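Report on the structure given below.
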Amino acid sequence: MPQRTVTVGSHLGLHARPAALFVRAVNETGLPVTITRDGQDPVDARSVLAVMAMGAGHNESVTLSCDADDGAEAALDTLAELLASDMDTAPTEA
């Protein structure tokens, strides 16, 4: 199963806005992605509430996993890059 470990770049962690942006990107992949912090069970990365409830803060490591064959590697690369960015300062889509 492909995995990526990434450090959360948003200065306030995965609160509402960054979590929503991340979950939207996950849902656009159409793949079953999970996200977890050390010592916690993985949660469905397609759920804003589940991602926010993880409580991942700035500079904390999270692990993304995907149990799919086609496109998983590229999708996880893209999602990891998004999580590493500061989504608190990223421009919003019009």
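The values are calculated or read from the model by the stated rules, or taken from the named source; none is laboratory data. This is a predicted model, so every value here is computed, not measured. Cβ sites come from the backbone with ideal geometry, for glycine too, and all protein chains shown count toward neighbours.
Residue-by-condition table, conditions (1) assigned to a strand (DSSP E or B); (2) in contact with a helix residue (DSSP H, G or I) (Cβ under 6 Å, 6 or more places away or on another chain):
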| residue | (1), (2) |
| --- | --- |
| Ala19 | no, yes |
| Val23 | no, yes |
| Thr36 | yes, no |
| Asp41 | no, no |
| Val51 | no, yes |
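Across segment 42-88, the qualifying residues are those that are among the polar types (S, T, N, Q) and touching a residue at least 60 places away in the same chain (Cβ under 8 Å), and the one among them that is surrounded by the fewest Cβ atoms within 10 Å (Cβ to Cβ) is Ser85. When segment 12-41 is filtered for residues that are surrounded by fewer than 14 Cβ atoms within 10 Å (Cβ to Cβ) and β-branched (Val, Ile, Thr), nothing remains. May I ask you to list the residues in segment 57-89 that are outside any helix (DSSP H, G or I), modelled with pLDDT of 95 or more and among the hydrophobic types (A, V, I, L, M, F, W, C)? Result: Val62, Leu64, Cys66.
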